[in-house]
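Report on the structure given below.
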Amino acid sequence: MLALRSLAFNVAFYANLIVWLIACLPMLLLPRRMLMAVARAWARTSLWLLRVLAGTRLEVRGVSNIPQGGCLAACKHQSMWETFALVPFFSDPTFILKRELMFIPFFGWYLWKADMVPVDRKGGARAMVRMTEKAAEEARDGRQIIIFPEGTRRPPGAEPAYKYGIAHLYDRLGVPCLPVALNSGLFWPRRRFIRRPGTIVVEFLPPIPPGLPRDSLVPTLIETIEPAARRLHAEGLAEIGDAAPPQPERAGA
């Protein structure tokens, strides 16, 4: 039954995505904020499909902690889920993402129109400068910059592997940093077909005000996010019960 429900959701999820991508092509000619409203609607339909077909619900905590206006949201990254499911909770979000995604037909066109912040991982210091300038421009416009500070998806329970690029952004942007913990990887495991029933919990933690020394940010994020992530991980394991959760990576993996 788990495999069948997962198959039904995956087929519906990607079919739904294709329909939205094609049907909303005229939106590329309209203002960006209208496109972002469509993105929020698509995210909500995807969450609905996940709940109805896979039995995976969503619980959100700490929405009142989201700052008004520009901020830097530092989020745990365990699966594809958070790349779309976080969108409805921000007034005008933009993601820091791999530059290569911007060149995918159809999907990449929407990323360009939405003014996402691309980063060329092979571009060195010059690419970092361009990414920082673009992020600062979006933050000045009151947008929420969403970044996954570990850089790539990490399995639930894995040791933290935060990159110091977020400290550079925090120092340059001068906006609050919003820590975000979640346990999505227990229910939408990375690189796997299975979608487990249960409750994904995302928790917006109290924001870190601007002005901390650059070297203090990553330790502060770890001290803030990781205890919450472990707590949500334990909650998710208790709900999964006998189902075998993904195994955490060993240190250095």
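Every read-out reported here was derived from the displayed coordinates using simple, explicitly stated rules and does not represent laboratory data. Note that the coordinates shown come from a computational prediction; the quantities given were computed from them, not determined experimentally. Every residue, glycine as well, gets a Cβ built from its backbone with ideal geometry; the counts of neighbours run over all protein chains shown.
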Treating cross-link reach as a plain straight distance, find the lysines whose alpha-carbon is under 20 Å from the alpha-carbon of Lys113, omitting any fewer than eight places away in the same chain. Lys98, Lys134
How big, on average over all directions, is the shadow cast by the Cα convex hull of the stretch 119-253, in nm²? 9.3 nm²
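Using 0.36 nm per residue, how much length does the chain from Met102 to Arg230 gain when fully extended, once their Cα-Cα distance is taken away? The partial results should precede the final answer.
On the way: separation 128, 0.36 × 128 = 46.08 nm, distance 3.34 nm.
Gain in length upon complete extension: 42.7 nm.
Multiplying the sequence separation of Ala37 and Trp109 by 0.36 nm and subtracting their Cα-Cα distance, what value in nm do you get? Show your work: numbers first, answer last.
Values: separation 72, 0.36 × 72 = 25.92 nm, distance 1.61 nm.
Length gained, Ala37 through Trp109: 24.3 nm.
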Test item: Cα-centred dipole of the chain, Lys/Arg +1 and Asp/Glu -1 on Cβ, debye: 600 debye
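Can you tell me the order of 115-126, 23-34, 66-77 when each peptide is scored by its average per-residue count of other Cβ atoms within 10 angstrom, highest first?
On the way: 115-126: 14.4, 23-34: 12.3, 66-77: 20.8.
Highest to lowest by the protection proxy: 66-77, 115-126, 23-34.
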With the 8 Å Cα cutoff and a minimum separation of six or more residues, the chain has a relative contact order in percent of 25 percent
Can you list, largest first and rounded to whole Å, the semi-axes you get for the chain by taking the square root of 5 times each eigenvalue of its Cα gyration tensor? 27, 24, 16
With the dipole of the chain worked out from charges on the C-beta (+1 for Lys and Arg, -1 for Asp and Glu) around the Cα centre, which of Pro88, Leu182, Trp42 lies farthest toward the positive end? Trp42
For the chain, what does the helix formula give at 222 nm: sum of -39500 (n - 2.57) over DSSP H segments with n ≥ 4, over the residue count, nearest 500 deg cm²/dmol? -13500 deg cm²/dmol
Highest GNM mean-square fluctuation among Leu237, Leu178, Leu186, for the chain with Cα springs under 10 Å, belongs to Leu237
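Where in the stretch 102-186 are there chymotrypsin sites (Phe, Trp or Tyr not before Pro) that are in a DSSP coil and have at most 16 other Cβ atoms within 10 angstrom of their Cβ?
For chymotrypsin sites (Phe, Trp or Tyr not before Pro) across the stretch 102-186 that sit outside H, G, I, E and B with at most 16 neighbouring Cβ atoms in 10 Å, the list reads Phe106, Tyr164.
Looking at the stretch 1-110, which GluC sites (Glu not before Pro) are DSSP coil and have at most 12 other C-beta atoms within 10 Å of their C-beta?
Details: sites: Glu59, Glu82, Glu100; in loops: none.
Loop-located and lightly packed - none at all.
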In terms of the charge dipole of the chain, which places +1 on Lys and Arg and -1 on Asp and Glu at the beta carbon, the residue among Leu4, Leu58, Gly165 farthest towards the positive end is Leu4
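Two-decimal Rg/Rh of the stretch 1-151 from alpha-carbon positions, Kirkwood Rh? Intermediate results must be reported in sequence, preceding the final value.
Details: Rg = 16.2 Å, Rh = 16.6 Å.
Ratio of gyration radius to Kirkwood radius for the stretch 1-151: 0.97.
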Express in whole angstrom the spacing between the alpha-carbon centres of the stretch 139-156 and the stretch 34-63. 18 Å
